[in-house]
Amino acid sequence: MYDNSEKEIAFKGFCINSIKKLVKQKDYLIRIALEYSPYLLLLFFCFSFFFRSDLSFNQDLGRHLTLGEIIWKSHQIPKINLFSYTNPNSPFINHHWLFEVFVYLSSISIGLGALLIIKTVLLLVALLIVLILAKRTKSALLIPVSFLFLHLMRERIDLRPEILSFLFTALTFYILDKFEKNNSKLIYLLPLISLIWVNSHIYFPVGIFLQLIFLADLFFKKFVQKNKNQDLFKKLKILTSTTVISMAACLLNPNLLKGALYPFTIFSNYGVTITENQTIFTLQNIGFKDSNFLFYFIAGFIVLVSIYVSLWRKPNFKNIILSLLGLALATQSIRGFPYLVLISLPAVLQNFNYNKTNILIKIINGIVILLIFGEAIFYLNGNYYPLSYLQNTASLNLVADGKPALDFLLKSNLPQPLFNNFDIGSYVIYRAYPKYKVFIDGRPEAYPASFFENTYLPMQENYSLFKQEEKKYKFKTVIFSITDQNPRTINFLSLITKDPNWKTVFLDQFMIILVRNDFAQNIEAVKLDSLSINYYKYSNCTSYINISTLFFNINHLKQAESFGKKALSLCPNNPIANNSMAVILHFEKADPNLVYRYYSKSTNWIFW
């Protein structure tokens, strides 16, 4: 039995030992926090620009949700174009049906808002995996190089099937790297990833390319460098098997071999060019504005420098090929920009193989950390977007710009058939199918190339041809997005709004609807030549810019100026608003000094 003094001593000893443990634990937690702080900082930076409004409904999301519902309820994956009255039986290979089922089920269970949270989490997980791969390089250049590369993720962060491709790319790369280093049994998951991937998004060959690169590296070490290590031979057998099985898994899609080869054949029946599928060089030649182009050139230069450094020192051909693969995907089309992050970034850091920390590196890292915090705050407080060419806002919500127009279409029971443009077909399908079928939607592969080349595009370029097709298809309603600045669309809208046979019945910041006079007797007309700005109440300048641009395109300069001034009152430094006003005033033959004043503000200090 202890007396009181012994109890007191024991209690004091317990307290001292507990404090020592807490101090040790605290020191351990501090060390962990310091070790991982660069990765948390970079993830915070990415989150800052992931936290923006999602414009997927302006593109394909509506059609994805509709197809997901059809697949789920019918237990069949449609193989023809269901939604168009012009080409209803045109064959269609759906290479992202699993994503469509996923978003549909999510929309009816947790809601579309929660889907945006899931999207953000998936993107952050993919980048966390990439940063873990980068961490293994122990590079002193991690923060500055990653900061420059990560800007390229901004190009593709809407709710699209490729979000899954980003995740699967990062997972595949991580598993292969872990297998190379310690024979990880995660390697056996690669065929399963390939199976899900081939049914989710068309970029599934990227996973096979990664496996082939790691496999080629093992072959090189075994048979060229004559490495006698038995463990190497075992790895070679396992990776060969999993790669073959992964390739076989790609056949397990609704279209079997044709579906597996579809990424390499899809453009054989593509009658129209889409911005996201164009190269940066093509888009630059036509004056397309995208702040991510700057970071493509910076990242591409860093890739090439890292390869030179690697060749000059001790070349690692696997890392050289990986860094070039990411660059090749980004160069092929701007939708591939994120692959400079997902594939090239870890390989580039390994190419440099620079692990020394000196005073210069500390200064560079300190400056970049300040830039990261400053830029992240600029995104999160919403001040970035009114100064850029982007139409987003700092909020995690889905924007359906076509909703008012489709509400009007359905409420007014406007007559069919519709003539709609490519951009808004998918949202019309989402809101109006099966009551309304579309003339065309955002799937070039679901329509014969000849339909684009001989019908859809020429109809907008040549109004007399539209009048011929009007007799053939008996159009009663025309519904177009006004944000399409393609010259042929501008030409078409300029002419049809002046055609006495057509009445404008709806106009907002995204859509215009016209109905043939024969069927519009009971619908009030929108008088474009006297439309007052007081008719609209928008909180953002982009809405007024869009309407102003339409009025300019159809040669109503006074209305264009009025809406342009309203946009500038909301966003005085917006480059698009200032450029638009300069152009309008130039055509109005206004004071050249005034024109120049607006033109000079069309390029502001926001270059990223």
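The values are calculated or read from the model by the stated rules, or taken from the named source; none is laboratory data. The model shown is predicted, which means the values in this text are computed figures rather than measured ones. When we count neighbours, we look across all protein chains shown, and the Cβ atoms used for this are built from the backbone with ideal geometry, even at glycine.
Look at Asn555 and say whether it is of a type outside the set (Val, Ile, Thr) and not in a helix (DSSP H, G or I). Yes. A single member of Leu283, Leu257, Leu239 is within 22 Å of the chain's Cα centre (by Cα) and either surrounded by fewer than 16 Cβ atoms within 10 Å (Cβ to Cβ) or not basic (Lys, Arg) (or both), and it is Leu283. The numbered conditions (1) hydrophobic (A, V, I, L, M, F, W, C); (2) more than 24 Å from Ala330 (Cα to Cα); (3) within 18 Å of the chain's Cα centre (by Cα); (4) surrounded by fewer than 20 Cβ atoms within 10 Å (Cβ to Cβ) are all true for Ile110 except (3).
A quick yes/no check of all residues on (1) aromatic (Phe, Trp, Tyr); (2) assigned to a helix (DSSP H, G or I); (3) not assigned by TED's automatic domain parsing to the domain that holds Arg156:
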{"residue": "Gly271", "(1), (2), (3)": "no, no, no"}
{"residue": "Tyr296", "(1), (2), (3)": "yes, yes, no"}
{"residue": "Gly300", "(1), (2), (3)": "no, yes, no"}
{"residue": "Leu304", "(1), (2), (3)": "no, yes, no"}
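When Arg160, Arg154 are screened for being under 20 Å from His64 (Cα atoms) and of a type in the set (Lys, Arg), only Arg160 passes. Per the conditions (1) in contact (Cβ under 8 Å) with a residue 24 or more places away in the chain; (2) closer than 30 Å to Ile93 by Cβ, the sole criterion not satisfied by Ile490 is (2).
Here Val125, Val121, Val101 are screened, and the one residue that is part of a helix (DSSP H, G or I), in contact with a helix residue (DSSP H, G or I) (Cβ under 6 Å, 6 or more places away or on another chain) and among the aliphatic types (A, V, I, L, M) is Val101. Examine the range 307-327 for a residue that is among the small types (Gly, Ala, Ser), surrounded by 21 or more Cβ atoms within 10 Å (Cβ to Cβ) and without any contact (Cβ under 8 Å) to a residue 12 or more places away in the chain, and state whether such a residue exists. So far as the range 307-327 goes, no, none of its residues is among the small types (Gly, Ala, Ser), surrounded by 21 or more Cβ atoms within 10 Å (Cβ to Cβ) and without any contact (Cβ under 8 Å) to a residue 12 or more places away in the chain. In the range 104-118, the residue that is farthest from Glu69 (Cα to Cα) out of those that are of a type in the set (A, V, I, L, M, F, W, C) and part of a helix (DSSP H, G or I) is Ile117.
So the check is Cβ under 7 Å with 6+ separation or different chains; which pairs have a first residue in the range 410-426 that's over 20 Å from Phe57 (Cα atoms) and a second one that's polar (S, T, N, Q) and at pLDDT 95 or above? Pairs found: Leu414/Thr477; Pro415/Thr477; Gln416/Thr477. Looking across Lys234, Lys221, Lys258, Lys289, one residue alone is over 30 Å from Pro78 (Cβ atoms), assigned to a helix (DSSP H, G or I) and touching a residue at least 24 places away in the same chain (Cβ under 8 Å). It is Lys234.
Between Leu116, Leu127, Leu98, the distinction of being under 25 Å from Ile361 (Cβ atoms), outside the structural domain of Tyr456 (by TED's automatic domain parsing) and either in contact (Cβ under 8 Å) with a residue 60 or more places away in the chain or surrounded by fewer than 16 Cβ atoms within 10 Å (Cβ to Cβ) (or both) belongs to Leu127 only.
Within the range 69-91, none of the residues are within 30 Å of Leu152 (Cα to Cα) and at pLDDT 95 or above. What are the residues in the range 560-602 that are touching a residue at least 60 places away in the same chain (Cβ under 8 Å) and part of a loop (DSSP other than H, G, I, E, B), if any? Hits for the range 560-602 are Cys571, Asn573, Asn574.
With respect to Ile202, is the statement that it is in a loop (DSSP other than H, G, I, E, B), surrounded by 17 or more Cβ atoms within 10 Å (Cβ to Cβ) and of a type in the set (A, V, I, L, M) true? Judged against the criteria, Ile202 is a match.
Of all residues in the range 466-486, those that are in the same structural domain as Asn553 (by TED's automatic domain parsing) and of a type in the set (S, T, N, Q) have Cβ atoms under 6 Å from Cβ atoms of residues that are surrounded by 19 or more Cβ atoms within 10 Å (Cβ to Cβ) and in a helix (DSSP H, G or I), 6 or more apart or on another chain, in Ser481/Asp423; Ser481/Ile424; Thr483/Asn546. In the range 217-236, the residue that is farthest from Leu171 (Cα to Cα) out of those that are surrounded by 13 or more Cβ atoms within 10 Å (Cβ to Cβ) and not aromatic (Phe, Trp, Tyr) is Asn227.
Scanning the range 582-602 for residues that are exposed (fewer than 12 other Cβ atoms within 10 Å of the Cβ) and within 35 Å of the chain's Cα centre (by Cα) gives a single hit, Ser600. Taken over the range 164-175, the criterion of being in contact (Cβ under 8 Å) with a residue 60 or more places away in the chain and either out of contact with any Pro (no Cβ under 9 Å at 6 or more places or on another chain) or closer than 18 Å to Val399 by Cβ (or both) is satisfied by Leu164, Ala170.
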